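Below is one structure, written out as structure tokens; the observations come after it.
The values are calculated or read from the model by the stated rules, or taken from the named source; none is laboratory data. Since the structure is predicted, the reported quantities are computational estimates derived from the model, not experimental observations. In this analysis, Cβ positions are derived from the backbone assuming ideal geometry, glycine residues included, and neighbour counts consider all displayed protein chains. With ligands, DNA and RNA removed, areas are computed over all heavy atoms of the protein, side chains included. Shrake-Rupley method; radii C 1.70, N 1.55, O 1.52, S 1.80 Å.
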Amino acid sequence: MKLTVLGCWAPYPRAGGACPGYLLQAGGNNILIECGNGVLSNLQKHIDFRHLDAVIISHFHPDHYMDLYCLRHAVSGARRLNPDLRPLPVYLPNTPEEPFRQLSQYTDAFLINSIEQLPSVRQNGQNIYEVFFGSIKAAFMRTDHPLPTFAVLAEGEGKIFYSADTRWTDYLPVFAAGADVALCEASVIEEDREYASVGHLTARQAGELAAQAGAARLVVTHFWPEYNLETIKAEAESGFGRPVTVAAEGLEVQVK
């Protein structure tokens, strides 16, 4: 499995950067997790968008899905030139209703799937929704964020956990248990810890989550562009107890 960072900034990017986007590749499958502002441009540095097998959107805050509108035009145009090209499956929450309804109308490009309509199991009182992309099993669990939001656990030749946006919850480390890579938001530094109450992790909490999950490696992401990344790295390491990788566009993480 390989994870490539396409964007890591929120709620807007630094110059030349992009909002959240991560390319997961395993077993011949290409899965795009998040499609924030600027992600489509960076995706095409690594693969042709026609080779995507699926897109996962954790929630409908603009910095996580706005480039779906660009991707829609790319895919619909490609399908006009090649009618054999199938609509691209997209998995996302079914609320708020308006963006879900709008994206569902783009049948020229997308096959929209509601995460909440996937088969589910119960774990620690939480619904876990599951889908397979070839050899990759993706599981989704609600996080604590103002909009319906889903963390993702991808299992194939390894295990990758993505926190999405969330306040601290005790069930997230259980969901992420044994991850080879934990990709966790680190939106807030300790100096601004009060702001985390709106639905985010501090960098230190990102480290604590990965440590409690027993993750082999922590990659922090989802950075406020005005922060010093060295501060984020140091605070995440204080929670994790080991070195931490700071996400950047083009970073590739191999899981064997």
Original post:
Going by alpha carbons, how many degrees (0 to 90, nearest 10) lie between the helix axis of 68-81 and the longest principal axis of the chain?
Top reply: 30
Original post:
Picking from His59, His46, His200, which is most flexible by a Gaussian network model of the chain using Cα springs under 10 Å?
Top reply: His46
**OP:** Calculate, for region 1-82, the solvent-accessible area per residue in square angstrom, rolling a 1.4 angstrom probe over the heavy atoms of the protein chains.
**Re:** 35
Subject >> For region 15-121: relative contact order, % (alpha-carbon pairs under 8 angstrom, 6 or more apart) >> reply: 22
Original post:
Among Leu52, Gln212, Ala139, whose Cα lies farthest out toward the positive end of the dipole of the chain, if unit charges sit on the beta carbon of Lys, Arg (+1) and Asp, Glu (-1)?
Top reply: Leu52
Subject >> Relative packing of 210-216, 5-11, 106-112, which averages over residues the other C-beta atoms within 10 Å, highest first >> reply: 5-11, 210-216, 106-112
Subject >> Karplus-derived HN-Hα couplings along region 91-99 (A = 6.51, B = -1.76, C = 1.60, θ = phi - 60°), whole Hz, x at Gly and Pro >> reply: 10, 7, x, 9, 9, x, 5, 5, x
Subject >> Reachable lysines, given that their alpha-carbon falls under 24 Å from the alpha-carbon of Lys256 and they are not under 8 places away in the same chain >> reply: Lys2, Lys45, Lys137, Lys159
Original post:
Quick one: of the DSSP bridges fully inside the chain, what percent are antiparallel, nearest 5?
Top reply: 60
**OP:** Pairs of Cα atoms under 8 Å, at least six residues apart: use those to get the relative contact order of the chain, whole percent.
**Re:** 17
**OP:** Would you please give the FRET efficiency between Glu194 and Arg14, computed as 1/(1 + (r/R0)^6) with r the Cβ-Cβ distance and R0 = 30 Å, to the nearest 0.05?
**Re:** 0.80
Subject >> Estimated distance in nm for a label pair at Asn228 and Asn124, the labels positioned 7 Å out from Cα along Cα-to-Cβ >> reply: 3.4
Original post:
Got the relative contact order for region 50-182 handy, in percent, Cα pairs under 8 Å and 6 or more residues apart?
Top reply: 18
**OP:** Work out how much length Glu98 to Glu116 would gain on full extension: take 0.36 nm times their residue separation and subtract the Cα-Cα distance, in nm to one decimal.
**Re:** 4.9 nm
Original post:
Among the DSSP beta bridges whose two residues both lie in region 1-91, what percent are antiparallel, rounded to the nearest 5?
Top reply: 65
**OP:** Give the angle, between 0 and 90 degrees and rounded to the nearest 10, that separates the Cα long axis of helix 229-240 from the longest principal axis of the Cα atoms of the chain.
**Re:** 70
Subject >> Residue among Thr143, Thr245, Thr166 with the largest mean-square fluctuation in a Gaussian network model of the chain, springs linking Cα atoms under 10 Å >> reply: Thr245
**OP:** Mind putting together the pair-distance distribution for the chain? All Cα pairs, 10 Å bins, whole percent per bin, short to long.
**Re:** 8, 33, 39, 17, 3, 0
Original post:
How far, in degrees from 0 to 90, does helix 203-213 lean away from the longest principal axis of the Cα atoms of the chain, to the nearest 10?
Top reply: 80
